[in-house]
Amino acid sequence: MNKLTTEEKKIIEDHAFAQILSSSMNDSGFAELAYCPLQLVDTNTLLGHLSRSNPLMKAVKENPLVKIIFTGPHGYISPRWHDEQMVPTWNYATVSLICSLNIIEDNVEKLALMKKISHHFDPQWNFAEFNHQDNAKNVQQMLSAITVFTLEILDVQSKFKLSQNRSIECRTAFQKNLQLQGNIDLTNMQLM
């Protein structure tokens, strides 16, 4: 497995809402596609959950290999910004992962992982306010309605198209103009 770079980890953490594609085709001849926020829990594992009725869940039971795509910062690059850039283009950064999806069946483990992912995306929410004896029925309904899963990263295939083939002067001009447009994420990556 390729190790995630610092830049790839940052994209996953800052742009957590990912696309998940099944490796098997559905009845229409396409891969199943789901959108899902994912948490990077260590250098080789992601955590997520979807509705149990999501068609992706049926597909991964047949074949657990999936492709995960995180779309990082992106933006238009104008030829007006520097003479070296003759035509319009689009700069972007994406992280694409091949993963094996593991469905968590045990309700105790599912609940612990839901607490973990909830705290990650909403650290101010006290999960105990939801998960208590008086709310046991709602907790069980939630656990029955969702599929919690981990994703083991098997391969990393990222693309950073940041006009690396241009001079530092040209890329600095792009950076300045991206900043003026308010595209700070892409501005910060432009001189990588």
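Values in this text are rule-based calculations from the coordinates and carry no lab data. All values derive from a computational prediction rather than experimental measurement. When we count neighbours, we look across all protein chains shown, and the Cβ atoms used for this are built from the backbone with ideal geometry, even at glycine.
Report summary: the helix-based calculation at 222 nm, which adds -39500 (n - 2.57) for every DSSP H run with n ≥ 4 and divides by the residues of the chain, gives -9500 deg cm²/dmol.
Based on the mean of other beta carbon atoms within 10 Å per residue, what is the order of 147-153, 43-49, most packed first?
Highest-to-lowest ranking by the protection proxy: 147-153, 43-49.
Centroid-to-centroid, using Cα positions, region 105-145 and region 1-36 are 24 Å apart. Projecting the Cα atoms of TYR92, THR5, SER144 onto the charge dipole of region 4-154 (Cβ charges, centred on the Cα centre) puts SER144 farthest toward the positive pole.
Legend: distances between Cα atoms for LYS3/LYS159; LYS110/LYS137; LYS9/LYS67; LYS67/LYS159; LYS9/LYS110; LYS58/LYS137; pairs beyond 18 Å are LYS9/LYS110; LYS58/LYS137.
Charges were assigned to the Cβ only: +1 to each Lys and Arg, -1 to each Asp and Glu. The resulting dipole of the chain about its Cα centre is roughly 300 debye. Residue separation of MET86 and PHE17 scaled by 0.36 nm, minus their Cα-Cα distance, works out to 21.5 nm of gained length. Since only ALA34, PHE70, SER51 are under comparison, the one whose Cα sits farthest along the positive direction of the charge dipole of the chain, derived from C-beta charges on Lys, Arg, Asp and Glu, is PHE70.
The computed volume of the Cα convex hull per residue in Å³ for the structure shown corresponds, within (1) 154; (2) 143; (3) 112, to (2).
If R0 equals 35 Å, the separation of the Cβ atoms of ASN63 and ASN188 corresponds to a calculated FRET efficiency of about 0.40.
In terms of surrounding Cβ atoms within a 10 Å radius of their Cβ, ARG166, ARG80 rank from fewest to most as ARG80, ARG166. Using a/c under 1.5 as the rounded threshold, could you call region 92-180 rounded, prolate or oblate? The axes a ≥ b ≥ c are square roots of the C-alpha gyration tensor eigenvalues, and prolate needs a/b larger than b/c, oblate otherwise. Oblate is the answer for region 92-180, as a/c is 1.5 or above yet b/c matches or exceeds a/b. The ranking of HIS119, HIS82 by Cβ neighbour count inside 10 Å, starting from the fewest, reads HIS119, HIS82.
Highest mean packing first, where packing is the average number of other Cβ atoms within 10 Å per residue, the peptides 61-71, 19-29 line up as 61-71, 19-29.
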